[in-house]
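The values are calculated or read from the model by the stated rules, or taken from the named source; none is laboratory data. Note that this is a predicted model, so its numbers are computed, not measured. Cβ coordinates were reconstructed from backbone atoms using ideal geometry, including for glycine residues, and neighbour counts include every protein chain displayed. Keep in mind that these areas ignore ligands, DNA and RNA; they rest on the heavy atoms of the full protein, side chains included. Shrake-Rupley method; radii C 1.70, N 1.55, O 1.52, S 1.80 Å.
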Amino acid sequence: ENFRKEVPELPEAKRERFVAEFGLTPYDAHVLTLEKSYADYFEEGVKHTKTPKLLANWIISELLRELADSNTSIADCKISAEDLAGMIELINNNTISGKIAKTVFAEMFASGKAPKAIVEEKGLVQVTDESEIESFVVQAIKSNQAQVEQYKAGNPKVLQFFVGQVMKLSKGKANPQLAAEA
């Protein structure tokens with residue numbers, strides 16, 4: 001019994017727990033348990049976010065890629081698990097979009113700065129003010145009459161074109177969902 005208490009959680013048990021407790025896919029749980037340091041990083045980050053699946057996605061798709069590209073270990077990474085989770089919370093509360101998050105992440109990786117500080121320094125706050133988004137929508141409509149006619153003729157796919165134009169006019173800061181609704 002004492003021996004069992006002293007043995008650390010084995011990778012297979014950790015994978016099963018990650019799937020059951022955090023709703024991760026078996027693949028995500030597998031990748032995060034390939035190295036103990038990955039699992040530890042994830043578990044520290046989970047303490048600071050309401051969306052463990054999104055945290056796992058960022059670790060697997062962005063962080064591990066950047067670490068490999070820069071030949072850096074997770075122990076030497078400038079982004080703390082708490083800061084990565086903090087960036088995810090900025091996405092969750094619509095302070096930044098997923099697209100803006102990639103810019104914030106790159107700056108965090110390079111500098112080690114906190115996500116809120118980067119967002120404030122660079123003015124990257126997502127535009128959620130409906131009147132401001134509507135002004136971008138009006139500009140997009142005025143500048144693209146041919147697409148307006150296509151939309152009026154019953155082509156709903158043109159709506160995505162207009163969302164793209166709003167994103168372009170707002171330099172990627174408009175909330176895309178609000179842009180589509182406007």
Between the helical axis of 130-143 and the dominant principal axis of the chain, each derived from Cα atoms, what acute angle in degrees is found, rounded to the nearest 10? 50 degrees
Helix-only CD estimate at 222 nm, as mean residue ellipticity for the chain, using -39500 (n - 2.57) per DSSP H run (n ≥ 4): -19000 deg cm²/dmol
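Can you tell me the relative contact order of the chain? Whole percent, Cα pairs under 8 Å, sequence separation 6 or more.
Details: 174 pairs, mean separation 27.4, N = 182.
Normalised by residue count, the contact order of the chain is 15 percent.
Place a +1 charge on the Cβ of each Lys and Arg in the chain and a -1 charge on the Cβ of each Asp and Glu, then give the dipole magnitude about the Cα centre in debye, rounded to the nearest 20.
Values: 22 positive and 27 negative charges, 126 e Å.
Computed charge dipole of the chain: roughly 600 debye.
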Residue-level accessible surface for residue 74, protein heavy atoms, 1.4 Å, Å²: 20 Å²
Quick one: accessible surface of residue 151, probe radius 1.4 Å, all protein chains present, in square angstrom to the nearest 10. 120 Å²
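Per residue, how much accessible area does segment 78-182 show when a 1.4 Å probe rolls over the protein heavy atoms, in square angstrom?
Working: 5820 Å² over 105 residues.
Per-residue value: 55 Å².
Can you give the extra length, in nm with one decimal, that the chain gains between residue 143 and residue 120 once fully stretched, where that is 0.36 nm per residue apart less the Cα-Cα distance? Walk me through the numbers before you get to the answer.
On the way: separation 23, 0.36 × 23 = 8.28 nm, distance 3.12 nm.
Taking 0.36 nm per residue and subtracting the Cα distance, the gain is 5.2 nm.
Of the accessible area of segment 1-156, with the probe set at 1.4 angstrom, what percent is carbon plus sulfur? Mind dumping the intermediate values first?
On the way: 4820 of 9090 Å².
Reported share for carbon and sulfur atoms: 53 percent.
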Per-residue accessible area for residue 143 at 1.4 Å probe radius, Å² rounded to 10? 90 Å²
By a straight-distance test (C-alpha under 21 Å), which lysines pair with residue 122 as possible cross-link partners, with residues fewer than eight away in the same chain excluded? 78, 99, 102, 113, 168, 171, 173
Scan around residue 127 for amide H atoms under 5 Å from its own, H built in the peptide plane at 1.01 Å from N, and keep only partners 5 or more places away or cross-chain. 174, 175
Phi to ³J(HN,Hα) by Karplus 6.51 cos²θ - 1.76 cosθ + 1.60 over segment 35-41, Hz, x for Gly, Pro: 10, 4, 5, 5, 4, 4, 4
Select one label from (1) 0.93; (2) 1.18; (3) 1.12: the one whose number is Rg/Rh (Cα atoms, Kirkwood Rh) as derived from the coordinates shown. (3)
First measure r as the distance between the Cβ atoms of residue 171 and residue 7, then evaluate 1/(1 + (r/R0)^6) with R0 = 41 Å and state the FRET efficiency to the nearest 0.05. 0.15
